[in-house]
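Here is the structure we will look at.
Read-outs: derived from the displayed coordinates by stated rules, not from any lab. Because the structure is predicted, anything quoted here is derived from the model rather than measured. For neighbour counting, all protein chains shown are included, and Cβ atoms are generated from backbone atoms with ideal geometry for every residue, glycine included.
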Amino acid sequence: MSDKPANNSNLMEKIVSLSKRRGFVFPGSEIYGGLANSYEYGPVGVELKRNIQDEWWNTFVRRRSDMVGLDSSIILHPKTWEASGHVTGLVDSMVECKKCHTRTRADHLIEDHYEKKNEKISVEGKSEKELDDIINENKIKCSTCGSFDWTPVRKFNLLFETHVGIVPEAQSKVYLRGETAQGIFIAFKNIIDSTRVSLPFGVGQLGKSFRNEITKGNFIFRTLEFEQAEIEYFFDPETTDWKGLFEAWKNDLWKFITKNLGVREDYLRWREHEDAERSFYSKRTEDLEYKFPFGFKELWGLAYRTDYDLKQHTQFSGVDLSYVDPVSGKKFLPHVIEPAVGINRLMAMVMLNSYTEDGERVFLKFPPRLAPYKAAVFPLLANKPELVTKAREVYEKLKKDFTIAWDDRGNIGKRYYAQDEIGTPFCITIDFDSLEKGDVTVRDRDTAKQERVPINGLKEFLEEKLQG
Ligand code: ATP
């Protein structure tokens, strides 16, 4: 039996199609013809996404004594984004095909061109003119219509603008947050004044961020809105060695991906940013990358941002964001290390990593804690009231402690097939023997093996099996 994650060339198409068929992810606004780079998370997908979010929140906020949480606004005072540099700095360079009007990011166009030749190029930090030159020298064609007829490269800002109030005047202009991190910096004073945190400590936040992405999104890898999970870990650079702390965070992120999310290590790698790519204030930035079907791509960014953000917000707001050491009385702006990830990217990775083919059988081998449903309950026959009543009883009882699916359509084979495709670890069937002997058949997703378990021992059985 081969239960290795399938790594076939059309794996992404299989995941996209399964996602729609089984209710993980639907194309956004589909009945109106769709909206590029937007998606809806269906009944099963929302459970998977939540489980990943909870895993992140529990691991990095609740279970750590050096972390606290925050939930700031999506719309912040617009000066926030001037101070952070996003109004001028959150920009991409874009070209448009004059023939078919496809817009694409110039850096992606160039990188994809080189990747196809099995070569690597770094275009980070290059000017519009330099990008134009590379596109022209290589005669890079439009991937949609095959023409070589581009507009010159131009920069555009990724922040979504909107207005507060009813009159769209310049003074009322605000932005939907482009990252959650800035909410942490501007709440820094309130956090240290209202809690008993002392350095080093971190603040974690999880919530929607918005970016006006124009490039093809590769399913939920890159979307207009996404669930971002960010941590700002504050420390005193005179007493804490930043290099040691950076390594400790690298280990924690790696452990989360491989242990908590069960992802295979050989599909992961760290990539350090080169000088031109790294923000000028950052002393070190590394990306944890996953081997997606479209190449190794950033999953999680880890950056040592020094005291840049607190300094900027102190300057722009006029409010001193210094920390005062409770023992020595030393007053200073702490430095930060920032691990930043998109939950949606984690979800795409988890689905790709879990996709398994065993002959005809397709199943998503989620770690049990991530599975949308922990078990499914079926009556063997839907037209036998005594079986349905007993099965309902079992279902209602288990539902108090686990997320449980109910299915009484079609035959058992079809039900197994459907539960396999949504990654349900166990299927529980109530048959005629159950009525007499009080036990049920439990079938294991990964081995397809079946065993009899007493109904009154089902809770303990699942608790034990679902650990880990
Ligand atoms: P990329 O180079 O892929 O555009 P980035 O370097 O701009 O990403 P960061 O600003 O470092 O990304 O954001 C931190 C994390 O947020 C990323 O590692 C990624 O997981 C997630 N993220 C960023 N943009 C998006 C998006 N448009 N859709 C989904 N997730 C995103």
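Amide H contacts of Phe201 (H built 1.01 Å from N, in plane; Pro and chain starts excluded): Phe234 sit under 5 Å, all sequence-distant by 5 or more or on other chains. Taking amide H as placed 1.01 Å from N in the peptide plane, the amide H of Val174 sits under 5 Å from that of Thr162, His163, Val164, each at least 5 places away or on another chain. Just the Cα atoms of segment 325-418, one point each, no solvent: what log10 I(q)/I(0) does Debye give at q = 0.19 Å⁻¹? Ignoring solvent entirely, the Cα scatterers give -1.03. Per 0.36 nm of contour for each residue apart, how much would the distance between Glu161 and Asp54 grow if the chain were fully extended, relative to their Cα-Cα spacing? Here the segment from Glu161 to Asp54 would lengthen by 35.5 nm.
Calculated FRET efficiency, Ile74 to Phe432, Cβ-Cβ distance, R0 = 51 Å: about 0.40 to the nearest 0.05.
With R₀ fixed at 35 Å, the C-beta to C-beta distance from Arg361 to Cys100 puts the FRET efficiency at about 0.25.
Taking every alpha-carbon pair under 8 Å whose residues sit at least 6 apart, the chain reaches a relative contact order of 15 percent.
Lys and Arg at +1, Asp and Glu at -1: add these up for the other residues within a Cβ distance under 15 Å of Gly146 and post the number. Net local charge, Gly146 excluded: +3. Pop a pseudo-label 7 angstrom from the Cα along the beta-carbon direction at both Ala248 and Phe316 and give the gap in nm to one decimal. The two pseudo-label positions are separated by 3.0 nm.
For segment 91-157, the orientation-averaged shadow of the C-alpha convex hull comes to 4.1 nm² (one quarter of the hull surface). For segment 338-348, backbone phi angles converted through the Karplus equation (6.51, -1.76, 1.60; θ = phi - 60°) give residue-by-residue couplings of 10, x, 10, 9, x, 4, 5, 5, 4, 5, 4 Hz, Gly and Pro being listed as x. The ranking of Phe219, Phe160, Phe246 from fewest to most other beta carbons within 10 Å of each one's beta carbon is Phe160, Phe246, Phe219. Between the residues Asn118, Gly33, Val394, the greatest Cα displacement towards the positive end of the dipole of the chain, with unit charges on the Cβ of Lys, Arg, Asp and Glu, is found for Val394.
The largest-to-smallest principal axis extents of the Cα set in the chain are 76, 66, 49 Å.
Across q = 0.12, 0.21, 0.23, 0.24 Å⁻¹, segment 373-466 modelled as identical point scatterers on its alpha-carbon atoms has Debye log10 I(q)/I(0) values of -0.30, -1.02, -1.25, -1.38, in the order of the q list. Full extension of the segment from Glu298 to Ser279, taken as 0.36 nm per residue of separation minus the current Cα-Cα distance, would add 5.2 nm. Basic side chains Lys and Arg get +1 at the Cβ, acidic Asp and Glu get -1 at the Cβ, and with that the dipole of the chain about its Cα centre reaches some 780 debye. Of the listed pairs Lys49/Lys449; Lys437/Lys465; Lys49/Lys259; Lys14/Lys250; Lys390/Lys459; Lys243/Lys330, which have alpha-carbon separations greater than 21 Å here? Correct reply: Lys49/Lys449; Lys437/Lys465; Lys14/Lys250; Lys243/Lys330.
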